[in-house]
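Quick notes on the structure that follows.
No value in this document is a laboratory result; all are computed from the given coordinates. From a predicted model like this one, the values you see are computed outputs, not experimental measurements. Note that we place each Cβ from the backbone using ideal geometry, even for glycine, and neighbour counts take in every protein chain shown.
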Amino acid sequence: MARTATRFVCGQCGHDSAKWMGQCPGCGEWNTLAEEAAPGPASRGGAPRGRAVRPVALADVAAPRIPRLRTGIGELDRVLGGGLVPGSLVLLGGSPGIGKSTLTSMALGNLAGAGRRTLYVSGEESAAQIKLRAERLPGAALQVPVVAETDLDTVLATLEAERPEVCVIDSVQTLHAAELSGAAGSVGQVREVADRITRLAKARGIAVLLVGHVTKEGALAGPRVLEHLVDCVLQFEGERERTYRTLRALKNRFGSTNEAGVFEMAGGGLVEVADASARFVGEATRAPGSVVLAAMEGSRPLLVEVQALVSPSELVPPRRVANGIDRNRLALVLAVLGRHAGVGVGSADVFVNVAGGVRVDEPGADLAVALAVASAARGVVAGDGERPIACFGELGLSGELRSVAHPDRRAAEARKFGLAPLVSPDSAPTVRAALKAALGAPPRARAA
Ligand code: TYD
Ligand code: MG
């Protein structure tokens, strides 16, 4: 279908305009108008122009079990729910430098090595750059055919001609649809690119891995416009300078969103870390301010070290730095510690860090943060001084400890590494009781 005209539609109120404006005349919001291709001359109102189709009872729908395409990367296959589904679209998001191109190159390499037809389309790097990376990677990464191209029509024509079984588009923000005037990466462009690739992928049964950059705020660029279009949204997280990265499913039409995989960036590409707990416990320090959190990464328990440093501050207000946990969660924990456990850090700088660059986004981390901060503030090592102490639990606003999901799996993981007894909502009803169990009686009570 030839598309000639474009229009600009407000992402907030749907206001439709023939030209771009900074402020939407409909709702008054700024920068919400995005370019869209105008639809064909469809009738508005009146009799429908389409042809009616017969609905089918769900029981009569034929749904053959299509075998999945295994990428050969165990952690990736698990997060995908058992491998790639032919004809599906997977969006892989992550900040620059995290390893998206490496992960997708390795997956294609394994698939090519297993005799699958693959194609790597890059709008970011030249074929020579892609080759340099592939040379470092294990497996058959050098067998993957590549196309360095940014024009959407060319990419679609190539896909149509080559008919790969699996294709990587790196990245969706670098492709450009010629009929839209916006720059590559703009909301309208990203939506158009993803939409047309989706249609071709579904029609031809091509499994597409769409790489997408994440903005500073952590959203997949193109304000969530892609998330509902694709079948699966994976997020690759971690810090570029650190070794460990986690891969999580935020949405998965063909599997659970409870899965997460842990990787390590090494000299020869990404290495799966199957024994992440063992690594983190082994690396945990036995100093004031360090505890082990029995966290859940999806449906898997994971032991990670949480560290805190409390130091006198010259600044007003003092610094509150949180790496790997939510800053607001840290503020809440500090308030509860001050109000209900007698641990005031009002005029001190507080730094909290989850070791290894891991991010924990669950309320079960509260207790670990509280114990680490209290241990650092008092200068007392948590636990018996030989083994680190493990804990988990959510802090309530009145100082009570609340239960969190999967206490048994967390406790079993801690036991496996000899971290027992464990401080949890089962063993301590309040944060005060948890502090006593982990650090002993507070200094004043001891002196008395
Ligand atoms: P890359 O996959 O290009 O990240 P993204 O596509 O998400 O922007 O690679 C990320 C970094 O990983 C890059 O700075 C180089 C490094 N790296 C290694 O340390 N080892 C390797 O084997 C490879 C291929 C890359
Ligand atoms: Mg890249």
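Could you size up the charge dipole of region 114-240 around its Cα centre, putting +1 on the beta carbon of Lys and Arg and -1 on that of Asp and Glu, and report it in debye to the nearest 20?
300
Over the chain, what is the percentage of antiparallel beta bridges among all DSSP beta bridges, to the nearest 5? Please list the in-between numbers first.
On the way: 44 of 76 bridges.
Around 60 percent of the beta bridges assigned by DSSP in the chain are antiparallel ones.
For the chain, list the cysteines whose Cβ sits under 4.7 Å from no other cysteine Cβ?
C167, C232, C391
Amide H to amide H, which residues 5 or more places from S95 or on other chains are under 5 Å from it, using H placed in the peptide plane?
V214
Taking amide H positions as placed 1.01 Å from N in the peptide plane, with prolines and chain starts having none, which residues 5 or more places from V233, or on another chain, fall under 5 Å of its amide H?
Under 5 Å from the amide H of V233 lie the amide H atoms of L91, L250, K251, N252, each far enough along the sequence or on another chain.
Rounded, prolate or oblate: which fits region 24-131 when a ≥ b ≥ c are the square roots of the eigenvalues of the alpha-carbon gyration tensor, with rounded for a/c under 1.5 and prolate only if a/b beats b/c?
On the way: a/c = 2.52, a/b = 1.33, b/c = 1.90.
Cα axes put region 24-131 in the oblate bin.
Across the chain, where is the longest run that never hits GluC sites (Glu not before Pro) in a DSSP loop with at most 11 other C-beta atoms within 10 Å?
1-216
If you plug each phi of region 174-190 into the Karplus form 6.51 cos²θ - 1.76 cosθ + 1.60 with θ = phi - 60°, what whole-Hz ³J(HN,Hα) values come out, in order, with x for Gly and Pro?
My calculation for region 174-190 gives 9, 7, 10, 8, 4, 7, 9, 8, x, 6, 4, x, 6, 3, x, 5, 4 Hz in order.
Using Cα atoms only, what is the angle between the long axis of helix 152-162 and the major principal axis of the chain, expressed in degrees (0 to 90) to the nearest 10?
It works out to around 80 degrees.
Report, in degrees rounded to the nearest 10, the 0 to 90 angle that the Cα long axis of helix 327-340 makes with the longest principal axis of the chain.
20
Whole-Hz ³J(HN,Hα) for each residue in region 93-106, computed from phi via Karplus 6.51 cos²θ - 1.76 cosθ + 1.60 with θ = phi - 60°, x for glycine and proline: what do you get?
These are the phi-based 3J(HN,Hα) values: x, x, 6, x, x, 6, x, 5, 5, 5, 4, 5, 5, 5 Hz.
Please label the shape of region 344-448 as rounded, prolate or oblate, based on the square roots a ≥ b ≥ c of the eigenvalues of the alpha-carbon gyration tensor (a/c under 1.5 means rounded; beyond that, a/b larger than b/c means prolate, else oblate).
It is rounded, given that a/c, with a ≥ b ≥ c, falls under 1.5.
Would region 343-388 count as rounded, prolate or oblate if I go by the C-alpha gyration tensor, calling it rounded below 1.5 in a/c and otherwise prolate when a/b exceeds b/c, oblate otherwise?
oblate
When the dipole is taken about the Cα centre of region 231-338, and only Lys, Arg (+1) and Asp, Glu (-1) are charged at their Cβ, what size is it in debye, to the nearest 20?
Using Cβ point charges on Lys, Arg, Asp and Glu, region 231-338 gives about 300 debye.
Among the aspartates and glutamates, which fall within straight-line cross-link reach of K436, defined as a Cα-Cα distance under 19 Å, with same-chain neighbours fewer than 8 residues apart omitted?
Here the aspartates and glutamates satisfying the reach criterion relative to K436 are D366, D384, E386, E394, E400, D426.
A 29 angstrom limit on the alpha carbon distance is what I want to check against. Which of K202/K251; K100/K202; K19/K202; K19/K251 exceed it?
K19/K202; K19/K251
Based on the mean of other beta carbon atoms within 10 Å per residue, what is the order of 316-322, 54-60, 338-344, 230-236, most packed first?
In decreasing order of mean packing, 316-322, 54-60, 338-344, 230-236 become 230-236, 338-344, 316-322, 54-60.
Most fluctuating residue of A249, A62, A405 in a GNM of the chain with Cα springs under 10 Å: which is it?
A62
What list of ³J(HN,Hα) values in whole Hz, one per residue of region 305-310 in order, does the Karplus curve 6.51 cos²θ - 1.76 cosθ + 1.60 (θ = phi - 60°) give from phi, with Gly and Pro shown as x?
Listing the rounded values in order: 8, 10, 10, 9, 10, 10 Hz.
Taking the chain as the reference, fit the longest principal axis to its C-alpha atoms, fit the long axis of helix 407-416 to the helix C-alpha atoms, and give the angle between the two in degrees, 0 to 90, nearest 10.
70
Place a +1 charge on the Cβ of each Lys and Arg in the chain and a -1 charge on the Cβ of each Asp and Glu, then give the dipole magnitude about the Cα centre in debye, rounded to the nearest 20. Show your work: numbers first, answer last.
Working: 51 positive and 46 negative charges, 152 e Å.
With only Lys, Arg, Asp and Glu charged at Cβ, the dipole is about 720 debye.
Check T430: other-chain or 5+ apart residues with amide H under 5 Å from its amide H, H built from backbone geometry?
The list, which skips near neighbours in sequence, is L401.
Could you work out the mean projected area of the convex hull around the alpha carbons of the chain, in square nanometres to one decimal?
27.7
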